Amino acid sequence: MITLALSKGRIFEETAPLLARAGIVASEDPETSRKLIIGTSRPDLRIVIVRAADVPTYVQYGAADLGVAGRDVLLEHRAQWGEAGLAQPLDLGIARCRLCVAVPEGFDYASAVRRGARLRVATKYVASAREFFAEKGVHVDLIKLYGSMELAPLAGLADAIVDLVSTGGTLRANRLVEVETIAHISARLIANAAALKTKRTALMPLIDALAAAAEATT
Ligand code: PRT
Ligand code: MG
């Protein structure tokens, strides 16, 4: 049995067409089903539905052989838990966005940086933000949030946020502007390193098929 960890929403929706190209169809839609383990048209492949940030954990411990996670999630996971047991990140080219610094429209970020001001930055991506600002030599107080980062500057919690942006619509709707791009993000296929050895003959054709599907669609 091969177990693939996916999260609901974007990751499932954008991985499904790649699976379809590889001839694999999930037997249920996680958006409407309450099942957390979903079969597929391939009897030896099942999908486990987990939170996006939990995908690397399932794969690292071998509870899933494969998983699909955003590079944002993988960067934070690696900073906190290391990457022992994780192998073969393959860029699937899906769920694309960028990790950015954004500030309220009226805030002069460039001059605050030039003056060496200490910035309060709210983010879910504490490790990536810490590394980015340290490299730039900007002093920051990082405030950990679990969601709706866009609210933090509007509510007076922070001067700036570090968050994902795709269309920019959410920033515009909240009168925030992007002032730095930290990283370009897309979803990666990750594998459990031990499974890659012990289940190689089962896993490699699937990994290759997903790589080919990603290649063909991007
Ligand atoms: O939502 P939940 O708390 O359950 O989990 P999650 O937010 O970790 O998962 P999900 O499904 O929202 O995102 C999964 C992955 O999709 C992320 O880890 C990213 O790699 C990728 N991705 C791609 C995005 C976006 N684009 C994106 N735009 N994840 C989130 N967003 C959010 C962003 O945080 C912001 O609030 O969308 C908003 C901005 O979108 P625009 O289009 O208005 O710019
Ligand atoms: Mg989300």
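Observations on the structure shown:
- Out of 79, 122, one residue alone is part of a strand (DSSP E or B) and either under 14 Å from residue 162 (Cβ atoms) or away from ligand 1 (no atom under 16 Å from the Cβ) (or both). It is 122.
- Taking the conditions (1) open to solvent by less than 20 Å² (accessible area, probe 1.4 Å); (2) in a loop (DSSP other than H, G, I, E, B); (3) more than 30 Å from residue 173 (Cα to Cα) in turn, residue 95 satisfies each one other than (3).
- Checking residue 207 against (1) closer than 21 Å to residue 14 by Cα; (2) within 16 Å of ligand 2 (Cβ to nearest atom); (3) in contact (Cβ under 8 Å) with a residue 24 or more places away in the chain; (4) not small (Gly, Ala, Ser), the condition it does not meet: (2)
- Cβ-Cβ under 7 Å pairs, at least 6 apart or on other chains, segment 131-155 side under 16 Å from residue 180 (Cα atoms) and more than 16 Å from ligand 2 (Cβ to nearest atom), far side part of a helix (DSSP H, G or I) and open to solvent by less than 60 Å² (accessible area, probe 1.4 Å): 138/113; 140/133
- Test: residue in segment 45-63 that is closer than 28 Å to residue 100 by Cα, away from ligand 1 (no atom under 16 Å from the Cβ), at pLDDT 95 or above and touching a strand residue (DSSP E or B) at 6+ places or on another chain (Cβ under 8 Å): yes
Quick grid of which residues meet (1) open to solvent by 90 Å² or more (accessible area, probe 1.4 Å); (2) more than 16 Å from ligand 2 (Cβ to nearest atom); (3) among the aliphatic types (A, V, I, L, M); (4) assigned to a helix (DSSP H, G or I):
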site: 11; (1), (2), (3), (4): no, no, yes, yes
site: 16; (1), (2), (3), (4): no, yes, yes, yes
site: 23; (1), (2), (3), (4): no, yes, no, no
site: 34; (1), (2), (3), (4): yes, yes, no, no
site: 43; (1), (2), (3), (4): yes, yes, no, no
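The values are calculated or read from the model by the stated rules, or taken from the named source; none is laboratory data. What you see is a predicted model, and the numbers here were worked out from it, not measured in a lab. Heads up, the Cβs are rebuilt from the backbone with ideal geometry, glycines too, and the neighbour counts pull from every protein chain shown. Heavy atoms of the whole protein, side chains included, go into the accessibility calculation; ligands, DNA and RNA do not. Shrake-Rupley method; radii C 1.70, N 1.55, O 1.52, S 1.80 Å.
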